[in-house]
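The structure under discussion appears below in the form of structure tokens.
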Amino acid sequence: MKILLIEDSKFQRIANGKALVRAGYGVIDCGDGEEGLHLACEHVPDVIVLDMMLPQVSGLDCPSDPQGRCASKTHPHHCAEWTRSSQ
């Protein structure tokens, strides 16, 4: 299973990415919503895990891709979002 991890905190991105890899998942990661949309289009992950408060494009906007940048690709069926208070 391929997971796209979008997290602007480098510490959280590295820690969560390592945990997911240890659990046997393939992980693609980045630090902002704009790059996340690009990677989602390019890699078409099975799951997207993202922070709600991202620079560039917010975590609220990423799953729906309001500007249709990935309209020609199959979107993942599952997105998991979190806020700083839930980490």
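Descriptive notes on the structure:
- Pick from the range 17-59, criterion in contact with a helix residue (DSSP H, G or I) (Cβ under 9 Å, 6 or more places away or on another chain) and farther than 15 Å from I3 by Cα, ranking: modelled with the lowest pLDDT: G59
- Whichever residue in the range 28-38 is in contact with a strand residue (DSSP E or B) (Cβ under 6 Å, 6 or more places away or on another chain) and crowded, with 18+ Cβ neighbours inside 10 Å and, among such residues, is farthest from R13 (Cα to Cα): G36
The values are calculated or read from the model by the stated rules, or taken from the named source; none is laboratory data. Since we're looking at a predicted model, the values are computed, not measured. Cβ atoms come from the backbone with ideal geometry, glycine included; neighbour counts cover every protein chain shown.
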